[in-house]
Amino acid sequence: MSKLDGNERWKSKMLLTEHQEQYENRNKSLQTGRITTEELTMIRDAIMFPHMLTMCDKSLQDLRSSRHLFKQLFEQVILVIMDYITKDMSKINRELRQRNIKIFSDETHDGIIYHRYICRGYEDRFGIVREVLRSEISILFTKYAANILTQLKADQSI
């Protein structure tokens with residue numbers, strides 16, 4: 001029996017957010033060593049999202065200068081996709097920061113885009129072939145468009 005038993009002040013416990021984070025992180029094992037495949041995928045996504053935003057912005061500028069019949073509809077779709085990309089990019093960057101991974105732009109050589117990264121004290125280069133990057137971007141754009149269509153269908157059924 002401790003001195004605090006029976007003391008009514010200690011029945012309701014308040015926990016600060018930083019203490020809660022420390023409590024939750026105490027059982028997590030600290031990752032040491034080289035980068036994992038999941039982290040390499042996150043690096044690929046962090047490299048890919050700025051390219052996707054540039055592509056969307058260029059398409060939006062081209063659309064605004066055109067005289068297309070569905071101009072306003074396509075503008076809204078592009079803006080929604082840019083919002084998805086921005087949210088995903090901020091989530092990936094936050095996760096990379098938490099895992100102590102930093103990415104630096106490096107060079108492009110023979111169709112391969114290289115980026116340096118530092119992960120838990122190890123420094124290495126990540127290279128991705130331009131065609132692979134294009135196909136990954138295409139897959140992700142398709143996923144975003146399907147998500148928009150799903151939302152539109154759900155809104156119509158209400």
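Where a number appears in this text, it was derived from the coordinates with a stated rule and is not lab data. This structure is a prediction, so every number in the text was calculated from the model and none was measured. Cβ atoms come from the backbone with ideal geometry, glycine included; neighbour counts cover every protein chain shown.
Computed from the alpha carbon positions, the gyration tensor of region 24-158 leads to an equivalent ellipsoid with semi-axes of 33, 21, 11 Å, biggest first.
Pairs of Lys residues in region 36-157 are counted when their Cα atoms are under 24 angstrom apart and they lie 8 or more places apart or on different chains; the count is 12. For region 36-108, the list of chymotrypsin sites (Phe, Trp or Tyr not before Pro) that fall in a loop by DSSP and count at most 11 other C-beta atoms within 10 angstrom reads 70.
Geometric descriptor of region 106-158, per residue, is 90 Å³ (volume of the convex hull of the Cα atoms). Computed 3J(HN,Hα) for region 110-120, one whole-Hz value per residue from the Karplus formula 6.51 cos²θ - 1.76 cosθ + 1.60 where θ = phi - 60°, is 6, x, 10, 9, 9, 9, 7, 9, 10, 10, 6, glycine and proline marked x.
Give the calculated FRET efficiency between residue 99 and residue 24 to the nearest 0.05, with a Förster radius of 22 Å applied to their Cβ-Cβ distance. If you can, show how the numbers build up before the last one.
Details: r = 16 Å, r/R0 = 0.72.
Here the calculated transfer efficiency is 0.90.
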